Every structure is written in structure tokens, then in C-alpha cells.
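Reading through the C-alpha cells given below for one structure.
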Amino acid sequence: MNELDYRRIFAKRGLRYTKQRCAIFEILAFSDHHATAEQLFDMVADHPVCRGVSLAPVYNTLDVLCETE
């Protein structure tokens, strides 16, 4: 899947493709290991566009991606 595919997935579920979701996507796409939501949150919180992000967008993004076939 590429970025356009993910944009469509989020749009289909009524969600905007935000900078935070983009960062979560990038981290997941380029990660070489499985991470827990909390570990992913720690990685996302270090991303320049995600300063001050809460754990909720991480869980919400993971929920949407898990629902996708």
C-alpha cells in the first residue's frame, strides 16, 4: 500500500489524513519490527510534526488500519 491507499482508507471512514496520521503511517511503513501502541506512541512523539500528540490518535489510527483488509 502507498500513501494514496491510506488516504482513501481514512477518507472512507470519515477521517482526515492528518500530519499525525501521516507520521504514524511512515513509522509503521518503515519499521523493521512490531511495536506496541505505547512504543509506537514514543516513536511518533519524537517525530517533528507530532510534538504534543496524545496516545488517542495512535490507537485510532491503528484501529482503522487493523479494520482494513
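The values are calculated or read from the model by the stated rules, or taken from the named source; none is laboratory data. Note that the structure is a prediction, hence the values are computed from the model and not measured. Note that we place each Cβ from the backbone using ideal geometry, even for glycine, and neighbour counts take in every protein chain shown. SASA here: full protein model, heavy atoms, side chains in, ligands and nucleic acids out. Shrake-Rupley method; radii C 1.70, N 1.55, O 1.52, S 1.80 Å.
Rolling a 1.4 Å probe over the heavy atoms of the protein chains gives the chain an accessible area of 69 Å² per residue. A simple spin-label model places pseudo-atoms 7 Å from Cα toward Cβ; at Val49 and Glu26 they are separated by 0.6 nm.
The stretch between Asp63 and Ala35, if pulled fully straight at 0.36 nm per residue, gains 8.6 nm over its current Cα-Cα span.
Relative contact order of the chain: 34 percent, from C-alpha pairs under 8 Å at least 6 residues apart in sequence.
For segment 8-16, putting each phi into the Karplus relation 6.51 cos²θ - 1.76 cosθ + 1.60 with θ = phi - 60° gives couplings of 5, 4, 5, 4, 4, 9, x, 10, 6 Hz, in residue order, rounded to whole numbers and with x for Gly and Pro.
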